[in-house]
Amino acid sequence: MDKFNQELLAERARNIPLYLHAYAFHLNMRYERVLPGDLLDIAHQQKLKGVKIHVEDGESQSLQKLNDRQLHDFKEKAKQHNLDVHIETSASDQETLTDAIRIAMATGATSVRFYPRYEGHLNDVMVKIAKDIAWLSRYDDCGLSFTIEQHEDLQSHELVTLVKNSGMKNLSILFDFGNMINANEQPLSALEIMSPLITQVHIKDAKIIKEGKGWGHEACRSGYGDLPMEEMLKALLLLGEDKPQVYAFGLEEEVEYYAPAFRFDDEGDNPWIPWRDASYTPLPESDKIDARLALEKEHALAQIKYIRTLCDKFITNQ
């Protein structure tokens with residue numbers, strides 16, 4: 001790396017916009033031990049820029065379940081902590097997106113992330129997603145930015161096609177450190193293909209699992225998996241010439257989350273995309289719940305330290 005890029009990397013690492021992702025507390029939120037407002041407190045304590053929170057995180061106390069007064073209170077708490085809020089949802093149909101946009105507006109969020117979940121042959125699935133995005137385009141000037149995540153079934157060039165063909169100026173790609181594995185792609189090559197359109201990131205590590213003629217992954221503690229985390233973080237920080245292209249790095253330490261292979265070496269030009277449920281981490285046995293929830297909190301805080309240590313390495317050029 002030349003001196004200019006080293007200096008640019010150091011500057012951007014020094015000012016990296018880190019967001020606490022609710023999935024780092026996925027089990028705690030499912031047991032309602034950590035609630036949306038608690039995430040704001042943790043992010044504030046850790047001196048992060050904001051939070052990324054799914055509309056269903058927190059079960060009966062999730063943003064999706066809160067009334068207008070409660071959503072306003074969440075908005076005010078985020079303001080008091082000077083935190084940016086990003087809303088996430090796990091489908092791309094009109095009903096799902098409408099609800100996510102409602103919540104985003106009510107909480108003062110600046111961004112909505114979604115990903116499609118359709119079953120069918122790839123060509124048909126692409127048509128369905130394009131129709132969803134065409135509907136979404138009516139919100140292109142509503143003040144929110146939108147990201148579509150590469151989420152285990154679509155490949156990089158397919159996502160790039162969807163975003164480029166959308167005509168939306170406020171739609172871009174959210175790059176997840178591990179989800180390309182399930183789509184039978186490699187991390188760095190997938191990043192390169194999507195790089196012109198990436199504005200947000202989910203940071204995690206994972207163990208790569210060979211499954212027939214494809215690959216699955218199991219998320220693990222950062223630094224303990226098979227993903228080239230340092231190389232990806234470096235490449236993402238360097239995107240953008242005049243200013244950083246990526247403006248949100250979500251800390252998504254979701255240990256034990258598993259996702260199977262969806263794309264395969266011998267699948268042909270129009271493979272069948274199977275149905276899948278939203279992201280899920282297995283629950284601990286009942287007598288191990290408290291210990292597992294405490295460990296999850298420990299892992300989440302350790303990831304913050306891990307990423308900041310990598311950034312310190314970039315800053316000191318070690």
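Restrict the check to segment 250-262 and report whether at least one residue is among the charged types (D, E, K, R), open to solvent by 50 Å² or more (accessible area, probe 1.4 Å) and in contact with a Cys (Cβ under 9 Å, 6 or more places away or on another chain). Within segment 250-262 (the criterion being among the charged types (D, E, K, R), open to solvent by 50 Å² or more (accessible area, probe 1.4 Å) and in contact with a Cys (Cβ under 9 Å, 6 or more places away or on another chain)), the answer is yes, since at least one residue qualifies.
Given the criteria surrounded by fewer than 16 Cβ atoms within 10 Å (Cβ to Cβ), touching a residue at least 24 places away in the same chain (Cβ under 8 Å) and under 24 Å from residue 5 (Cβ atoms), does residue 231 qualify? Criteria met by residue 231. Go through 205, 124 for me and flag whichever is acidic (Asp, Glu) and farther than 22 Å from residue 222 by Cβ. Going through 205, 124 in turn, just one is acidic (Asp, Glu) and farther than 22 Å from residue 222 by Cβ: 124.
Failed condition for residue 202, given (1) in contact (Cβ under 8 Å) with a residue 12 or more places away in the chain; (2) farther than 23 Å from residue 317 by Cα; (3) open to solvent by 50 Å² or more (accessible area, probe 1.4 Å); (4) under 18 Å from the mean Cα position of the chain (by Cα), with all others met? It is condition (3) that residue 202 fails.
Looking only at residues of segment 307-318 that are open to solvent by 70 Å² or more (accessible area, probe 1.4 Å) and either more than 17 Å from residue 231 (Cα to Cα) or not charged (D, E, K, R) (or both), we find that the one that is modelled with the highest pLDDT is 309.
Selection over segment 25-57 of residues that are in a loop (DSSP other than H, G, I, E, B) and touching a Ser or Thr at 6+ places or on another chain (Cβ under 6 Å) gives a count of 2.
Condition check for residue 191 on (1) within 15 Å of the chain's Cα centre (by Cα); (2) closer than 28 Å to residue 266 by Cβ; (3) open to solvent by 50 Å² or more (accessible area, probe 1.4 Å): one failure, at (3).
With respect to (1) touching a residue at least 60 places away in the same chain (Cβ under 8 Å); (2) surrounded by fewer than 21 Cβ atoms within 10 Å (Cβ to Cβ), the lone exception for residue 152 is condition (2).
Among the residues of segment 288-298, at least one is closer than 18 Å to residue 21 by Cα, over 16 Å from the mean Cα position of the chain (by Cα) and open to solvent by 80 Å² or more (accessible area, probe 1.4 Å).
Scoring residue 81 on the criteria (1) touching a residue at least 24 places away in the same chain (Cβ under 8 Å); (2) under 19 Å from residue 160 (Cα atoms) leaves a single failure, condition (2).
Matching residues to (1) of a type in the set (Val, Ile, Thr); (2) touching a residue at least 60 places away in the same chain (Cβ under 8 Å); (3) in a helix (DSSP H, G or I):
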| position | (1), (2), (3) |
| --- | --- |
| 182 | no, yes, yes |
| 189 | no, no, yes |
| 207 | no, no, no |
| 215 | no, no, no |
| 218 | no, no, no |
| 222 | no, yes, no |
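The single residue among 218, 285, 241 that is over 20 Å from the mean Cα position of the chain (by Cα), open to solvent by 20 Å² or more (accessible area, probe 1.4 Å), farther than 23 Å from residue 172 by Cα and not hydrophobic (A, V, I, L, M, F, W, C) turns out to be 285.
The values are calculated or read from the model by the stated rules, or taken from the named source; none is laboratory data. Since we're looking at a predicted model, the values are computed, not measured. Using ideal geometry, Cβ is built from the backbone for each residue, glycine included, and neighbour counts are taken over all protein chains shown. The area values use the complete protein model at the heavy-atom level, side chains included, leaving out ligands, DNA and RNA. Shrake-Rupley method; radii C 1.70, N 1.55, O 1.52, S 1.80 Å.
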